[in-house]
1. Taking 20 °C and 1.002 mPa s as the conditions, I'd like the Stokes-Einstein D for the chain in µm²/s, using the Kirkwood hydrodynamic radius from alpha carbon pairs.
2. Would you mind getting the accessible area per residue of the stretch 198-240, heavy atoms of the protein chains only, 1.4 Å probe, in Å²?
3. Would you mind estimating how fast the stretch 152-245 diffuses translationally, via Stokes-Einstein at 25 °C and 0.890 mPa s with the Kirkwood radius over Cα pairs, in µm²/s?
4. Find how much the distance from Val179 to Ala49 grows on full extension, using 0.36 nm per residue of separation minus their present alpha carbon separation; answer in nm with one decimal.
5. Can you tell me the accessible area per residue over the stretch 59-155, all protein chains present, probe 1.4 angstrom, in square angstrom?
6. By a straight-distance test (C-alpha under 17 Å), which lysines pair with Lys51 as possible cross-link partners, with residues fewer than eight away in the same chain excluded?
7. When the accessible area of the chain is split by element with a 1.4 Å probe, what percent falls to carbon and sulfur?
8. I want the local charge near Ile106. Using Cβ-Cβ distances under 10 Å, sum +1 for each Lys or Arg and -1 for each Asp or Glu among the other residues.
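The values are calculated or read from the model by the stated rules, or taken from the named source; none is laboratory data. Quick caveat: nothing in here was measured; it's all calculated off a predicted structure. Every residue, glycine among them, receives a Cβ derived from its backbone with ideal geometry; neighbour counts consider all protein chains shown. The area values use the complete protein model at the heavy-atom level, side chains included, leaving out ligands, DNA and RNA. Shrake-Rupley method; radii C 1.70, N 1.55, O 1.52, S 1.80 Å.
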Amino acid sequence: MATENTERVRSWIEGARRIVALTGAGISTDSGIPDFRGPQGLWTRNPVAEKMSNIHYYLADPEVRKASWQNRLASPAWSARPNAGHLALADLEKRQKLHALITQNIDELHQIAGNSPARVIEVHGTMRSFMCFGCGMRGPMQLVLERVRAGEEDPHCRDCGGILKSDTISFGQQLAPGVIDRAMQAAGEADLFLAVGTSLQVYPIAGAVEIARGAGAKIVIVNAEPTPFDDAADAVFNESISAVLPQITSARESGARFPR
Ligand SMILES: [Zn+2]
């Protein structure tokens, strides 16, 4: 099954010591978490769903928040398990090849797969925590979801009465500058940059590819659809992520290492 391209990239990964991966929604679709922004995504099909993800509507309208909490409660991410793609990246860390894992995902499947939280840079935050707009308090999301299950439609902060939300970056919200700085710095330290399941169309994070390339890293892209960086990449795979990643990251021909 291994093509020439696969063999070539596998040898690069074997030789790499500071791999930086950037992952997007595409790596989690094989775990049953839909890509909200993709061509078949919920937001593309349902504008009401997009409203729930816009910070201005969220803060202004209790009805949007009520719908959003119900939506959060029903998220497929709570029961999702890491797939072979996540496990392949966790394996790179075990083999001490992974310098950093930048992710646009909020599902924490990388940490569940075994990547250490210290190495995962979550540029869009995490749905597994909540935050308060009044006092800035953060905590485990399940504490708030328990209140929603118990009948509170729009739970507010018990300390200050402020509006609560998942600790994620909504549309209209600023990215956290410190987090983006960390991601860009890591990209500049890469010897191989692996972009997985991301369309690379959204800045500033797409700029990580340019920074890595400028620093001399090899660029490998694994994504179902073409990206604006394909021409500048050293290798591109437009195939299933959970199939390709174990192949290009495995030290041996056999895929028997997965899943563990
Ligand atoms: Zn508060």
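1. Details: Rh = 19.1 Å.
Approximately 112 µm²/s, per Stokes-Einstein.
2. On the way: 1980 Å² over 43 residues.
Ligands and nucleic acids excluded, the figure is 46 Å² per residue.
3. Details: Rh = 15.5 Å.
Answer, rounded: 158 µm²/s.
4. Details: separation 130, 0.36 × 130 = 46.80 nm, distance 2.67 nm.
Full extension of this stretch gives 44.1 nm more.
5. About 42 Å² of surface per residue is accessible.
6. Qualifying lysines at Cα under 17 Å: Lys66, Lys165.
7. Working: 6240 of 12130 Å².
Solvent-exposed carbon and sulfur of the chain make up 51 percent of the total.
8. Details: positive: Arg128; negative: Asp107, Glu108, Glu122, Asp167.
Residues near Ile106 contribute -3 overall.
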